[in-house]
Amino acid sequence: MKKKLIGIMLACAFLVSACGTDQKSAGEATSLEATTKDASKDTSENVQTSAKAETEADAVEATYANFLANKAKVHINQDRDFGTYFSFEKDKDLNYTLEELTNVIISNYLGQFEGAKIELEGIEYSYLDCGNDGNEELAVCIHTPSIEDWAEYLVIKEIDGKLECLYSNEGWSRSRVGINKYGYIYGDGSGGASNHYFEKSYIDARGNWHYIYGDETTVFDCSDTEYPGDIWGGEGEHVSLEMPLPGSFVFFSFDFNNTEDEKDNIFSYAQYSGDYENDNGLGGYFYCKLIEDDGIYDDEYPLKKFYDAVGIETISIKELNELIREKAEAEGFTPEIASAEDVEWKDLEYTFDPDIETFNADNFIETSAFFPIYLSLRNNEDASTILHINADGSVEGSYYSSNYSSENGNESKKNEFTGKFALKKKVSDTEFAITLSDLTLKNEAGTEVVKETKTGVKTHTYFVTPPGVDDDGKNFTLYLPDTPVSSLPDEVLNALGDYWREQLSERETIGKCILFGNDGKKYLWLEF
């Protein structure tokens with residue numbers, strides 16, 4: 001009986017144990033299934049999120065591509081346009097395709113500089129990541145050189161399917177604009193040999209523009225007592241000629257608030273060496289290495305006393321650097337953004353021709369070129385003949401040469417002429433065979449006019465056939481500025497003379513129009 005009871009108890013215990021095991025297994029299975037479903041759900045959501053992000057990125061990239069292909073418009077933000085010689089401040093329609101944008105820039109320069117020989121030299125573009133958030137923005141540079149190497153820089157961002165210009169500014173030969181891959185924008189310019197400007201700003205991930213600082217610097221050798229130095233550009237305060245200062249100093253006027261006047265500017269100064277480097281203050285607030293010397297900020301130091309005397313409060317360079325650090329931190333401008341590489345510009349293959357009033361194909365050579373073309377005779381001892389060729393091929397020219405002799409008084413040789421060029425053959429896009437006809441002198445060659453002044457001085461004017469058109473030459477070759485130097489015949493190079501040959505040896509293209517006579521005395525004319 002006892003054995004039976006024990007057996008029954010063991011059996012029950014076994015059954016209970018078995019049931020518990022089955023329940024545990026079932027629970028684990030249920031838990032595993034739920035976990036698998038959650039993981040599968042998370043994976044699916046991640047895939048969907050990733051796919052959505054990729055789709056959105058593709059859409060943004062397509063929008064940028066459409067703008068570069070002249071199929072989409074960008075809206076210009078006038079509040080973020082910082083151009084001096086070119087700006088959009090007077091424009092009413094601020095939505096432009098790339099072609100329209102280019103034409104607006106060109107027409108603006110032509111409006112300011114009448115008759116300027118402006119051209120579309122090229123368009124460059126690059127992608128950047130403002131604020132380093134993984135989303136792309138587009139940078140565009142439009143080169144339209146004329147009397148200066150104008151270049152318009154724009155940073156563009158896609159916002160809700162539309163393109164917004166976050167920043168626009170022009171660069172030229174004395175003012176540079178630099179942009180790095182994380183949206184840092186730095187510029188410097190020259191106001192003369194001793195006066196320079198620097199500016200730092202950046203665009204964050206949301207497309208907001210942040211001004212960090214701008215500074216104006218004035219440099220001079222304080223030991224040079226012949227020329228006093230202006231301590232900064234605006235007010236004309238001069239360092240005393242008797243001030244005992246060694247070496248070269250730089251004076252700083254810093255603007256941390258982007259204001260028009262200097263009321264809130266911070267002033268400082270430092271001695272500098274001739275070592276060139278650009279690591280002063282987030283990419284450079286001065287182009288030379290500064291000499292660390294805390295002693296020059298002591299109250300008894302002559303320069304400090306001078307500033308105090310004229311009522312200008314100054315701080316040391318160390319204090320200035322701390323202000324720069326604090327301003328950068330306040331604006332969210334990190335060393336990571338500051339130290340990124342510059343954008344990599346790529347040439348854009350655009351398909352439109354710009355609308356340039358002074359540069360078009362409505363001329364006798366039927367090729368886009370600037371007219372009129374002004375040239376002077378080069379390979380002649382008496383090279384005082386000039387001519388200009390109009391768009392229709394008509395020619396106007398003049399010659400004048402004079403000297404004085406005690407026997408005959410003032411003597412001069414002169415004349416004017418007209419003619420007509422016609423296209424004979426287009427040799428290449430930059431080389432044209434042309435013929436001259438209808439050459440007419442204003443005054444008959446060989447005639448003379450003698451005049452006598454009230455004081456008895458005689459002047460003799462001899463009308464001659466001008467050098468350059470005195471050889472009955474009919475056949476000429478016109479070379480446009482984009483002609484490769486390597487394609488010029490030796491006889492043309494020889495006719496240019498040593499100076500111009502040396503100049504061209506450093507160039508890929510000739511840069512100026514050349515007119516060469518293929519018969520007669522083989523005269524050469526060079527654009528001026």
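So here's what we get for this one:
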item: Ala205 surrounded by fewer than 20 Cβ atoms within 10 Å (Cβ to Cβ) and either under 25 Å from Ala62 (Cα atoms) or basic (Lys, Arg) (or both); result: yes
item: Selection count where residues are part of a loop (DSSP other than H, G, I, E, B) and either surrounded by 17 or more Cβ atoms within 10 Å (Cβ to Cβ) or modelled with pLDDT under 70 (or both), scope segment 234-261; result: 12
item: Number of the condition not met by Tyr285 [criteria: (1) touching a Phe, Trp or Tyr at 6+ places or on another chain (Cβ under 6 Å); (2) at pLDDT 90 or above; (3) surrounded by 15 or more Cβ atoms within 10 Å (Cβ to Cβ)]; result: (2)
item: Segment 325-370, subset in a loop (DSSP other than H, G, I, E, B) and among the aromatic types (Phe, Trp, Tyr), residue farthest from Asp482 (Cα to Cα); result: Phe333
item: Residue satisfying all of: in segment 446-471; in contact with a Leu (Cβ under 9 Å, 6 or more places away or on another chain) and within 19 Å of Glu491 (Cβ to Cβ); surrounded by the fewest Cβ atoms within 10 Å (Cβ to Cβ) among these; result: Pro467
item: Residue check for Glu89: loosely packed, with under 14 Cβ neighbours inside 10 Å and either free of Cβ contacts under 8 Å to residues at least 24 places away in the same chain or not assigned by TED's automatic domain parsing to the domain that holds Asn258 (or both); result: yes
item: Residue that is farthest from Thr483 (Cα to Cα) [pool: residues in segment 397-427 that are outside any strand (DSSP E or B) and touching a residue at least 12 places away in the same chain (Cβ under 8 Å)]; result: Asn408
item: Options Tyr109, Tyr125: the member that is out of contact with any Gly (no Cβ under 8 Å at 6 or more places or on another chain), modelled with pLDDT of 85 or more and farther than 30 Å from Tyr374 by Cα; result: Tyr125
item: Test: residue in segment 491-504 that is under 24 Å from Lys117 (Cβ atoms) and at pLDDT 95 or above; result: yes
item: Number of the condition not met by Leu128 [criteria: (1) touching a helix residue (DSSP H, G or I) at 6+ places or on another chain (Cβ under 9 Å); (2) among the aliphatic types (A, V, I, L, M); (3) more than 20 Å from Asp149 (Cα to Cα)]; result: (1)
item: Checklist (1) within 18 Å of the chain's Cα centre (by Cα); (2) assigned to a helix (DSSP H, G or I); (3) buried (at least 16 other Cβ atoms within 10 Å of the Cβ) applied to Ser107, failing item; result: (3)
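The values are calculated or read from the model by the stated rules, or taken from the named source; none is laboratory data. Just so it is clear, the model here is predicted, and its values are computed rather than measured. A quick note on method: Cβ atoms are made from the backbone with ideal geometry, for glycine too, and the neighbour counts reach across all protein chains shown.
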